[in-house]
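**Q** Here it is: the structure, laid out below.
The values are calculated or read from the model by the stated rules, or taken from the named source; none is laboratory data. The structure displayed is predicted, hence computed values, not measured ones. So basically every Cβ, Gly included, is an ideal-geometry build from the backbone, and we count neighbours across all protein chains shown. Areas reflect the complete protein model, heavy atoms only, side chains present, ligands, DNA and RNA absent. Shrake-Rupley method; radii C 1.70, N 1.55, O 1.52, S 1.80 Å.
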Amino acid sequence: MISITPKPKKFAVFIIKLLIVTTAFYFIWQHLAHNDKLDWKKFITLVQEKQSILVILFLLSLSVANRCLEILKWQNLVSLIKPITVGEATKQVLGALTAGIFTPNGLGEYAGKALYYEKLQTKKIIFLNLICNGIQMILTIIFGTMGLFILGYRKWSLTIIGLSIFFILFFFLSKNITIKGYSIEKLLHKINEIPKPIHQKNKHLALARYVIFSHQYYFLFLAFDVDLPYVTMMATIATVYFLASSLPSFQFLDFAVKGSVAVFFFSKLGVNEWIVVFIATLMWLLNVVLPVVIGSYYVLKFKPKWN
């Protein structure tokens with residue numbers, strides 16, 4: 001009987017890993033070097049005028065806290081399958097983030113996390129990742145709708161509330177409809193199977209992450225001398241984050257999408273366009289690019305589970 005050496009398979013995996021990392025860095029470089037709206041000379045001048053080690057460290061600490069909370073969320077949820085350490089959760093979250101940077105709406109993250117587990121557990125991992133991201137999206141919708149209402153976009157907020165009620169009613173009325181063995185009732189049953197303590201911890205961590213992320217945005221505006229009332233600023237940030245998250249996009253284009261939406265709303269408040277674009281870019285650098293740089297190491301070190 002002819003045995004197939006695993007060397008070609010290992011080489012193919014190495015090429016795929018190298019391709020993922022190279023492509024991620026290529027997209028990051030392309031959108032930083034060829035963005036006409038970014039005046040780096042003006043930015044460097046402003047940073048030199050206002051340079052403060054404490055401010056930089058503070059903003060970096062918020063990025064670390066933001067990603068740490070996401071890691072703790074994943075560690076909490078995946079404990080349903082098996083307990084993992086914070087280090088293992090870090091490897092899975094950052095590795096999956098790197099793999100998902102050039103996929104629509106970060107869908108590659110689902111496949112990235114699943115690769116760390118046996119094939120039989122793939123559906124469970126995808127489901128848990130859906131729960132992990134789902135609670136974050138629900139909070140984004142709630143705060144974004146409140147933001148629209150505070151800013152005076154009452155019709156928009158009422159429309160979103162109306163659509164939300166409609167979809168909730170639709171889901172409950174059609175929960176027994178089965179398509180290829182799947183139904184909303186089964187999904188709700190699986191969600192209810194998750195112990196309440198795990199659900200509660202997931203909600204609290206998601207809320208803390210939202211608060212940290214939105215306030216990092218807020219402190220960046222303060223650093224650029226944008227003087228607006230706290231409530232107005234936070235309402236605008238919540239609105240921008242909600243509407244930008246609702247649009248289909250790629251992680252490597254995240255700053256462009258959020259930047260465009262932010263320019264629309266903040267320009268109405270008299271904020272300079274280039275400041276808005278730079279803050280959106282800095283948020284992207286701090287919360288996507290830096291984790292992807294670290295995640296690239298985990299991608300290259302990744303060893304698939306051979307069957």
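**Q** Between a first residue in segment 190-219 that is under 22 Å from residue 78 (Cβ atoms) and a second residue that is among the polar types (S, T, N, Q) and surrounded by fewer than 18 Cβ atoms within 10 Å (Cβ to Cβ), which pairs have beta carbons less than 9 Å apart while being 6 or more apart in sequence or on different chains?
**A** Pairs found: 198/79.
**Q** So, one more: If residue 152 meets every condition in (1) in a helix (DSSP H, G or I); (2) open to solvent by 40 Å² or more (accessible area, probe 1.4 Å); (3) at pLDDT 90 or above apart from one, which number is that one?
**A** Just one mismatch for residue 152, condition (1).
**Q** Now, a different point. Among the residues of segment 44-52, are any at pLDDT below 95, at negative phi, surrounded by fewer than 16 Cβ atoms within 10 Å (Cβ to Cβ) and among the charged types (D, E, K, R)?
**A** The answer is yes; a qualifying residue exists.
**Q** Going by the structure shown, is residue 183 in contact (Cβ under 8 Å) with a residue 40 or more places away in the chain and either within 22 Å of residue 131 (Cβ to Cβ) or open to solvent by 60 Å² or more (accessible area, probe 1.4 Å) (or both)? Full working, then the answer.
**A** On the way: in contact (Cβ under 8 Å) with a residue 40 or more places away in the chain: no; either within 22 Å of residue 131 (Cβ to Cβ) or open to solvent by 60 Å² or more (accessible area, probe 1.4 Å) (or both): yes.
It is false that residue 183 is in contact (Cβ under 8 Å) with a residue 40 or more places away in the chain and either within 22 Å of residue 131 (Cβ to Cβ) or open to solvent by 60 Å² or more (accessible area, probe 1.4 Å) (or both).
**Q** Hey, does segment 196-214 have a residue that's open to solvent by 40 Å² or more (accessible area, probe 1.4 Å), over 22 Å from residue 142 (Cα atoms) and not in a helix (DSSP H, G or I)?
**A** Within segment 196-214, none of the residues are open to solvent by 40 Å² or more (accessible area, probe 1.4 Å), over 22 Å from residue 142 (Cα atoms) and not in a helix (DSSP H, G or I).
**Q** Further question on the same structure: Would you check which residues across segment 200-230 are charged (D, E, K, R) and at pLDDT below 95 and list them? Reasoning before the result, please.
**A** Kept after step one, since they are charged (D, E, K, R), are these residues of segment 200-230: 201, 203, 209, 225, 227.
Once the filter is applied, which keeps residues that are charged (D, E, K, R) and at pLDDT below 95, segment 200-230 yields 225, 227.
**Q** May I ask you to say which residue of 90, 103, 98 is over 22 Å from residue 186 (Cα atoms), of a type in the set (Ser, Thr, Tyr) and surrounded by 23 or more Cβ atoms within 10 Å (Cβ to Cβ)? Step through it out loud before you land on a result.
**A** Working: 90 fails: surrounded by 23 or more Cβ atoms within 10 Å (Cβ to Cβ); 103 fails: surrounded by 23 or more Cβ atoms within 10 Å (Cβ to Cβ).
Result: 98 is the single residue among 90, 103, 98 that is over 22 Å from residue 186 (Cα atoms), of a type in the set (Ser, Thr, Tyr) and surrounded by 23 or more Cβ atoms within 10 Å (Cβ to Cβ).
**Q** In segment 155-195, which residues are touching a Ser or Thr at 6+ places or on another chain (Cβ under 9 Å), basic (Lys, Arg) and in a helix (DSSP H, G or I)?
**A** 186
**Q** Tell me, please, whether a residue that is of a type outside the set (Ser, Thr, Tyr), open to solvent by 20 Å² or more (accessible area, probe 1.4 Å) and modelled with pLDDT of 85 or more can be found in segment 291-300.
**A** Taking segment 291-300 as the starting set, the residues that turn out to be of a type outside the set (Ser, Thr, Tyr) are 291-295, 299-300.
Imposing the further condition that a residue be open to solvent by 20 Å² or more (accessible area, probe 1.4 Å) reduces the set to 293-294, 300.
If we keep only those that are modelled with pLDDT of 85 or more as well, we get 293-294.
Looking through segment 291-300, at least one residue is of a type outside the set (Ser, Thr, Tyr), open to solvent by 20 Å² or more (accessible area, probe 1.4 Å) and modelled with pLDDT of 85 or more.
Listed here are the residues, each with its yes/no results for (1) without any contact (Cβ under 8 Å) to a residue 60 or more places away in the chain; (2) in a helix (DSSP H, G or I).
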position: 75; (1), (2): yes, yes
position: 81; (1), (2): yes, no
position: 87; (1), (2): yes, yes
position: 112; (1), (2): yes, yes
position: 117; (1), (2): no, no
position: 126; (1), (2): yes, yes
position: 130; (1), (2): yes, yes
position: 133; (1), (2): yes, yes
position: 139; (1), (2): no, yes
